[in-house]
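Following: one structure in structure tokens, then a few remarks.
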Amino acid sequence: MREFAVFSCCQFTLKGMNCISKNDESLRCSLSTNNISIFISSLYSGVQINDVIINIQSCSVGVLRLISSCIRSSSLKRIIVMVDNSHAPTLRLLCALGVRFILCKFDSLDNICEVLKKTTLKKYMSSYLKSVFVKYPPPPRWAKEGGEVNDEELFTKRESDIILDLFQGISPWNVAKKRFISIKTVSAHKLNALKKIRMRNLNEMFITTSKKI
């Protein structure tokens with residue numbers, strides 16, 4: 001039996017994921033919560049978890065930090081992110097953070113079950129999300145070819161930390177102070193991160209229109 005844990009601030013999503021356990025005996029939702037602190041402490045309590053499912057609503061920096069933390073943890077297996085809409089910059093950001101499995105909140109439960117049960121899958125993005133993802137100009141080469149993300153396309157740990165700080169609204173000066181680095185270094189990491197997600201500036205994350213699902 002595969003055990004999975006779910007974090008979402010949406011009760012509809014939590015109820016839907018709990019239904020999977022009731023409808024498929026090979027899958028069990030061992031944790032379902034909208035509390036980040038409870039979610040984190042439960043993940044690292046030694047309980048066996050095969051898949052971690054995190055629902056992100058718009059560009060929530062707190063949830064992005066949770067996703068980044070889970071990806072860095074060697075004790076966790078598959079990190080599956082469920083998005084509420086097809087916002088191309090957010091999809092790019094998730095891929096650069098290292099997310100390999102991206103579902104749509106409105107995917108059928110049967111489709112979600114199939115992804116959870118296919119343990120040999122190395123990556124997955126819902127077909128509708130992918131169609132939006134590759135149309136957002138200019139798409140990276142690996143997206144057009146359907147290949148794996150190269151290491152060069154992934155954020156480094158420092159780039160992840162800095163770009164999430166900046167998305168949170170922390171000024172470059174305060175980021176530099178917080179990270180014990182120069183403003184010039186903050187700027188260099190920001191530019192490198194933006195280049196990897198094909199964005200010219202931070203505002204594109206918030207002004208680019210989401211596609212309705």
*Tell me, what HN-Hα J-couplings in whole Hz come from the Karplus equation 6.51 cos²θ - 1.76 cosθ + 1.60 at θ = phi - 60° for each residue of the stretch 160-165, using x for Gly and Pro?*
4, 4, 5, 5, 6, 4
_Calculated from backbone phi, Karplus (6.51, -1.76, 1.60) coupling profile of the stretch 175-185 in Hz, x at Gly/Pro_ = 5, 4, 5, 5, 9, 6, 9, 7, 5, 4, 5
*Considering the options Ile71, Ala5, Thr33, tell which one lies farthest towards the positive end of the dipole of the stretch 3-123, charges being +1 on Lys and Arg and -1 on Asp and Glu at the Cβ, about the Cα centre.*
Ile71
*Specify the residue with the greatest mean-square fluctuation among Ile71, Ile181, Ile79, computed from a Gaussian network of the chain linking alpha-carbon atoms under 10 Å apart.*
Ile181
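Suppose a student asked you for the relative contact order of the chain, using Cα pairs under 8 Å spaced at least 6 residues apart; what percent would you report?
Once divided by the residue count of the chain, the mean separation gives 18 percent.
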*Would you mind finding the longest exposed-site-free stretch of the chain, with exposed GluC sites (Glu not before Pro) meaning DSSP loop and at most 16 other Cβ atoms within 10 Å?*
26-147
*Would you please state the base-10 log of I(q)/I(0) at q = 0.08, 0.17 1/Å for the chain, with intensities from the Debye formula using one equal scatterer on every alpha carbon?*
-0.28, -1.23
*asked:* Under a Cβ-only charge scheme (Lys and Arg +1, Asp and Glu -1), can you give me the dipole magnitude of the stretch 1-146 about the Cα centre, in debye to the nearest 20?
replied: 460
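Values in this text are rule-based calculations from the coordinates and carry no lab data. Remember, predicted model here, so these are calculated numbers, not experimental data. Methodologically, a virtual Cβ is constructed for each residue, glycine included, from the backbone with ideal geometry; neighbour enumeration extends over all protein chains shown.
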